[in-house]
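K.L.:
Right, I'll just put the structure down here and ask away after.
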Amino acid sequence: MRSLRWIATWVIAATLLTGCWDNDEPPPVTPSASPGSQDSSLDSSPRQLTVQEARDALLTAENLGEGYEDAPDEDGTGESPPLGCLEAISDFDKDVQGVDAKAQFAFMPQTTAGVPDVINGVLSFGTLEQATSFMRRFASTFASCQKVDKRAENGIAVDLSVNLDERVADGNVDEQANLYAEGSFRFRDQGLQFSIAMSVARVKNSIIAVLTTDLDSLAAVAPLTKEYLRLGVDRLRAVMAGEDPPNDTSSVSPEPHTAPPADV
């Protein structure tokens, strides 16, 4: 998966921005679980997607709406901020090649200034067991990650509260895990609000992940990930059924904004 090194440069540059923003309360993320439902329209014997099919299932810039354009994934430059237990996100798909999954985490839409960063990926495994094992590893990796309170040598201080839940958004997925982080980055005498919302869902033997980050509250970021995941699941299920993926546009389109200062 794409490295998180880009955050450091992005945050430092954003400290030059000022603006007013409503600091709404984040959505509740109390851990709970709800089983997904099965859909008989998909064959009970899972078929592993090809690399091209995995690519076809990925979100497009058109799905995300105004402010995005398709762009290949490229690692950022600069020193990484100290993300503590969240640094495992960078290694999200590190074990995939060992099970020969058709993995594509190379898509990140290019954005205009002030809109959230979105990273999307699809994994397709050869068996249901491999896919369910992947979901268990993801949940166990972040189960004990509740707080990031770090300071880097370059002066960036990170303070984030982290929550993980396994609530299924709707009946179109079999399993789901949601990772939320909200807090601030501080550089010198300036602080910026920062949030991460990541959802990983399993549809039979395939996995889809959506990661949304923004200089905004979790109350604003989490609904975006929920909507982008819904669109991505629709595309994945269509590809798995041998159909052309729908190209619907998100019903939640964030307005470009300047970074709200952190109230810290």
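One line per residue, one yes/no per condition, for (1) at pLDDT 90 or above; (2) in a loop (DSSP other than H, G, I, E, B); (3) among the hydroxyl-bearing types (Ser, Thr, Tyr); (4) in contact with a Ser or Thr (Cβ under 8 Å, 6 or more places away or on another chain):
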| position | (1), (2), (3), (4) |
| --- | --- |
| 113 | no, yes, no, no |
| 118 | no, no, no, yes |
| 133 | yes, no, yes, no |
| 136 | yes, no, no, no |
| 139 | yes, no, no, no |
| 145 | yes, yes, no, no |
| 150 | no, no, no, no |
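K.L.:
When residues of the range 146-163 are filtered for being touching a Phe, Trp or Tyr at 6+ places or on another chain (Cβ under 7 Å) and either open to solvent by 30 Å² or more (accessible area, probe 1.4 Å) or more than 17 Å from residue 194 (Cα to Cα) (or both), how many remain?
P.N.:
1
K.L.:
Output the qualifying pairs, or none if there are none: Cβ atoms under 9 angstrom, residues six or more apart or on different chains, first residue in the range 225-236 and over 13 Å from residue 172 (Cα atoms), second residue part of a helix (DSSP H, G or I) and not charged (D, E, K, R).
P.N.:
What qualifies is 228/63; 228/64.
K.L.:
Any residue in the range 146-165 that is on the phi < 0 side of the Ramachandran plot sitting within a Cβ distance under 6 Å of a residue that is surrounded by 17 or more Cβ atoms within 10 Å (Cβ to Cβ) and among the polar types (S, T, N, Q)? List the pairs, counting only those 6 or more apart or interchain.
P.N.:
159/184; 165/178
K.L.:
Could you list, in sequence order, all residues of the range 164-182 that are farther than 24 Å from residue 84 by Cα and open to solvent by less than 10 Å² (accessible area, probe 1.4 Å)?
P.N.:
The answer is 173, and nothing else.
K.L.:
Out of the range 133-145, which residues are open to solvent by 30 Å² or more (accessible area, probe 1.4 Å) and touching a residue at least 40 places away in the same chain (Cβ under 8 Å)?
P.N.:
Correct list: 137, 141, 144.
Conditions tested, residue by residue: (1) at pLDDT below 95; (2) in contact with a Phe, Trp or Tyr (Cβ under 8 Å, 6 or more places away or on another chain); (3) in a strand (DSSP E or B).
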| site | (1), (2), (3) |
| --- | --- |
| 201 | no, no, yes |
| 212 | yes, yes, yes |
| 225 | yes, no, no |
| 264 | yes, no, no |
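The values are calculated or read from the model by the stated rules, or taken from the named source; none is laboratory data. Bear in mind that the values here come from a model prediction, so they are computed numbers and not experimental data. Methodologically, a virtual Cβ is constructed for each residue, glycine included, from the backbone with ideal geometry; neighbour enumeration extends over all protein chains shown. Only protein heavy atoms, including side chains, enter the accessible area calculation; ligands, DNA and RNA are left aside. Shrake-Rupley method; radii C 1.70, N 1.55, O 1.52, S 1.80 Å.
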